[in-house]
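The values are calculated or read from the model by the stated rules, or taken from the named source; none is laboratory data. What you see is a predicted model, and the numbers here were worked out from it, not measured in a lab. Don't worry about glycine lacking a Cβ; one is built from the backbone with ideal geometry, like all the others, and counts go over all protein chains shown. The area values use the complete protein model at the heavy-atom level, side chains included, leaving out ligands, DNA and RNA. Shrake-Rupley method; radii C 1.70, N 1.55, O 1.52, S 1.80 Å.
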Amino acid sequence: MSEQMTTVPAVTGYHHLGLTVCDIERSEEWYGKVFGFQRAFVEPHNEGTGFAVVMNIPGTPVFLGLDKHDAHEGEQFGEHRTGLDHLAIGVASREELDGWVQHLDALGVEHSKINDMTEPFPAATLCFRDPDNIALELMWM
């Protein structure tokens with residue numbers, strides 16, 4: 001990084017997240033049922049080595065790309081490897097986490113108990129995994 005730079009150029013937020021998955025149809029169905037994502041479009045990878053199913057939660061700016069790479073060897077996600085550790089998604093209130101427990105139970109999605117904490121600030125989390133073992137966390141703070 002240049003020592004002459006005094007300010008960091010602005011960003012407006014995260015645009016989308018791309019997840020490499022083993023079975024794109026299974027993941028598309030799962031993210032649709034669990035989060036309400038719907039397919040927006042399919043996009044080929046620039047290098048011609050696969051494609052992404054780009055999904056959106058209707059009425060929101062939340063996008064998710066499910067990526068299929070031709071060279072993928074079918075291995076499950078592991079947070080102990082370099083790359084993504086987990087994905088944390090915010091919810092508006094602590095009570096919404098109770099609703100998520102009911103929703104996940106109705107879908108048969110295994111999850112942690114809600115972890116309420118007071119330090120370093122009031123917060124609560126609910127953890128679970130997608131079909132590729134990607135660690136997901138719903139968080140209120």
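Taking R0 as 30 Å, what FRET efficiency do you get between ALA123 and ILE57 from their Cβ-Cβ distance, rounded to the nearest 0.05?
Details: r = 23 Å, r/R0 = 0.76.
Taking R0 as 30 Å, the efficiency between ALA123 and ILE57 is 0.85.
Residues considered: THR125, THR49, THR82. Largest GNM mean-square fluctuation over the chain, using C-alpha springs under 10 Å, is found at THR82. Scattering from the chain was approximated by placing one identical point on each alpha carbon and applying the Debye formula without solvent; log10 I(q)/I(0) at 0.13, 0.15, 0.16 1/Å stands at -0.69, -0.88, -0.98.
One decimal place: the segment MET141-VAL8 gains 45.2 nm when fully extended, by the rule 0.36 nm per residue minus the C-alpha distance. Computed from backbone phi, the HN-Hα couplings of segment 56-63 come to 9, 7, x, x, 10, x, 8, 10 Hz, rounded to whole numbers (Karplus: 6.51 cos²θ - 1.76 cosθ + 1.60, θ = phi - 60°; Gly and Pro given as x). Among LEU64, LEU107, LEU97, the largest mean-square fluctuation in a Gaussian network model of the chain, built with springs joining Cα atoms closer than 10 Å, belongs to LEU107. Electrostatic tally near LEU87: other residues with Cβ closer than 13 Å to its Cβ, Lys and Arg +1, Asp and Glu -1, net -4. Using a probe of 1.4 Å, the accessible surface attributed to PHE35 totals some 30 Å² when neighbouring protein chains are kept in position.
Rolling a 1.4 angstrom probe over the protein heavy atoms, how many square angstrom per residue are accessible across segment 76-124?
Values: 3400 Å² over 49 residues.
On a per-residue basis, 69 Å².
Over segment 1-100, Cα pairs under 8 Å with separation of 6+ residues give a relative contact order of 24 percent. Couplings 3J(HN,Hα) of segment 92-106, computed from phi: 6, 8, 4, 4, 4, 5, 4, x, 5, 4, 4, 4, 5, 4, 4 Hz, in residue order, whole Hz [Karplus 6.51 cos²θ - 1.76 cosθ + 1.60, θ = phi - 60°; x for Gly and Pro].
When a 1.4 Å probe is rolled over the protein heavy atoms, the share of accessible surface on the chain that falls to carbon and sulfur comes to 55 percent. In order along segment 124-141, the phi-based Karplus estimate (6.51 cos²θ - 1.76 cosθ + 1.60, θ = phi - 60°) of 3J(HN,Hα) comes to 8, 10, 9, 10, 7, 10, 7, x, 9, 6, 5, 6, 10, 9, 9, 9, 10, 8 Hz; Gly and Pro are listed as x.
For ASP105 and PHE35, the FRET efficiency from 1/(1 + (r/R0)^6), where r spans their Cβ atoms and R0 equals 22 Å, is about 0.90.
Residues considered: PRO122, PRO131, PRO44. Largest GNM mean-square fluctuation over the chain, using C-alpha springs under 10 Å, is found at PRO122.
At full extension, HIS15 and ASN115 could sit 33.2 nm farther apart than now, given 0.36 nm per residue minus the alpha carbon distance. Backbone amide hydrogens, once placed in the peptide plane, bring THR20 within less than 5 Å of ASP67, excluding anything fewer than 5 places away on its chain.
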